[in-house]
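Worksheet: one structure, shown below.
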Amino acid sequence: MKFSGIDYEYLFEWMKKNNYVNWQTILEKKIAENLSPKRWGDLPYWQSSLEKLPELQTNVYEVESVISVGHPKEINPSNSEILRSCLKNLHPWRKGPFSLFGIDIDSEWKANLKWDRLLPNIDSLEGKLVLDIGCGNGYYMHRMINERAKRVIGIDPSVKFLYQFYAIKKYIKKDTPIDIVPLKDDDLPDSLPIFDTVFSMGVLSHRKDPIKHLRNVMKCIKPGGQVVLETLVINEDHRHSLQPQSRYAKMRNIWELPTPTLLKEWLNKCDFLNPKVVDITTTSTKEQRTTEWMMFESLENFLDSSDPDKTIEGYPAPTRIIMTAQAPQ
C-alpha cells in the first residue's frame, strides 16, 4: 500500500502476520492524514524528488559509521548528477553520515559519535522488536538493524525526514525490516506493549509535558523491556530544571531541561525501574555543524562567541545525557 509515494507493503504484511490489525487500521488513517499536501505544501516536491531518483541496482549496504549504499562504479555520471540533485532537494540533512553510490552526505550531526557512546551501554538488540521515537531520517535505525534487531519501526512527524529515509531505502533490499511512519508519540495506541526496546533520542526537551512523553514510551514497552533515553540536560547536582524564558540556543521549542537527578525522578514517577546514567557529553562543533548538506545555522551560531560554555542567550551550553531504564516485569 502506497501513500504519497511511500510503500508500506512489507510493514503492513508483517502487521497482519502478527495480528496487529487494529494498529494497522490506526496507522493507515494517521498516515493518510499526515501525508497530505494540505498539511505540507512542499510534499508534492518531496514526492517528486523521490520518484525522480534513478533506477539503480546494488548489493552494497554497509552499516558502519557511514551508512554506505551502492558503489561509485555502479552509477554513470548522468545518473550520479540526477541522484545528487534529488538528494539535495531534500535539504537539510540533519542526521548521518550517508554515502550513496559515492555521493557523500555530510549531515549536520555526526550521529555516529552518539551511537558510539550509546551502544556499549544498552541491552543487546539481537532478535528484538525496536521502536525509535523521533527517529529523524532513520540513521540510527540502520545502526539498530546492523545490531541484528528483528524489526525497527521509527516514528517522526517531520515528513521531509521520511522522504530522506525512503530515498536511502530505495536502494537496499525491499524487505529490510525498517520503516518510518509520520506520527508523534501521542499518536500511538493507548495499549501497545510489544516493543523490546524503545529509543527516545532528542525528543523529551521538545515536549511541553515531559511526563506525558515518558508515559507514552512506557505504554509501548514489553514488561522487562528497555528504554534508551537521550535528551538535553543541565549538568548540575540538584532537583531543579531550566525553563528557558523564550529561546534556548535559538530554539523556540525547548520547554524544560532537567538535571540528571530530576530526570531520574521523572522516570521513577512513570514507573520505570533502575534508571541509569550512561553518558553525559557537552555537544561540540565537531559533532554538530553547518555543512554542504545542512546550510542553515548550527551549533557555532547558537553559542556565545566570547564564552562557548554558554548559549547566545546566556544559558549553559547544550549538554546531552543518555540514560537507560527498564519497564516493570
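L192 is checked against (1) touching a strand residue (DSSP E or B) at 6+ places or on another chain (Cβ under 8 Å); (2) under 25 Å from N19 (Cα atoms); (3) hydrophobic (A, V, I, L, M, F, W, C) and fails just one. What number does that condition carry?
(1)
Conditions tested, residue by residue: (1) surrounded by fewer than 20 Cβ atoms within 10 Å (Cβ to Cβ); (2) in a strand (DSSP E or B).
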site: I172; (1), (2): yes, no
site: P189; (1), (2): yes, no
site: L192; (1), (2): yes, no
site: F199; (1), (2): no, yes
site: S205; (1), (2): no, no
site: V217; (1), (2): no, no
site: K222; (1), (2): yes, yes
site: V228; (1), (2): no, yes
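Out of the range 177-187, which residues are open to solvent by 20 Å² or more (accessible area, probe 1.4 Å) and either part of a loop (DSSP other than H, G, I, E, B) or more than 21 Å from Q24 (Cα to Cα) (or both)?
Those that are open to solvent by 20 Å² or more (accessible area, probe 1.4 Å) and either part of a loop (DSSP other than H, G, I, E, B) or more than 21 Å from Q24 (Cα to Cα) (or both): P177, K184.
For residues that are of a type in the set (A, V, I, L, M, F, W, C) and part of a strand (DSSP E or B), scanning just the range 264-287, find the one that is least open to solvent (accessible area, probe 1.4 Å).
Restricting to residues being of a type in the set (A, V, I, L, M, F, W, C) and part of a strand (DSSP E or B), the top hit is V278.
Which condition number does I254 fail, the rest of (1) open to solvent by less than 50 Å² (accessible area, probe 1.4 Å); (2) within 21 Å of L118 (Cα to Cα); (3) hydrophobic (A, V, I, L, M, F, W, C) being met?
(2)
Just a yes or no: is a residue in the range 93-103 more than 30 Å from N301 (Cβ to Cβ), touching a Leu at 6+ places or on another chain (Cβ under 9 Å) and not aromatic (F, W, Y)?
no
What are the pairs, 6+ residues apart or on separate chains, where a residue within the range 18-29 that is polar (S, T, N, Q) has its Cβ under 8 Å from a residue that is open to solvent by 50 Å² or more (accessible area, probe 1.4 Å)?
Q24/K16
Out of all the residues in the range 253-270, is one or more among the charged types (D, E, K, R) and touching a Ser or Thr at 6+ places or on another chain (Cβ under 8 Å)?
The answer is yes; a qualifying residue exists.
Which of (1) out of contact with any Lys or Arg (no Cβ under 8 Å at 6 or more places or on another chain); (2) surrounded by fewer than 21 Cβ atoms within 10 Å (Cβ to Cβ) does F98 not meet, given it meets every other one?
Only one criterion in (1) out of contact with any Lys or Arg (no Cβ under 8 Å at 6 or more places or on another chain); (2) surrounded by fewer than 21 Cβ atoms within 10 Å (Cβ to Cβ) is unmet by F98, namely (2).
Being hydrophobic (A, V, I, L, M, F, W, C) and touching an Asp or Glu at 6+ places or on another chain (Cβ under 8 Å) is the filter here, so list the residues in the range 99-120 that pass it.
F101, W109, L113, L118, L119, listed by residue number.
Under the condition of being in a loop (DSSP other than H, G, I, E, B) and surrounded by fewer than 16 Cβ atoms within 10 Å (Cβ to Cβ), which residue from the range 288-311 is farthest from the chain's Cα centre (by Cα)?
S306
Against the definition (farther than 14 Å from I6 by Cα, of a type outside the set (S, T, N, Q) and in a helix (DSSP H, G or I)), how does I31 come out, yes or no?
no
The values are calculated or read from the model by the stated rules, or taken from the named source; none is laboratory data. Remember, predicted model here, so these are calculated numbers, not experimental data. Here the Cβ is made from the backbone with ideal geometry for all residues, glycine too, and neighbour counts use every protein chain on show. Side chains are part of the model used for accessible areas, which takes the heavy atoms of the whole protein and leaves out ligands, DNA and RNA. Shrake-Rupley method; radii C 1.70, N 1.55, O 1.52, S 1.80 Å.
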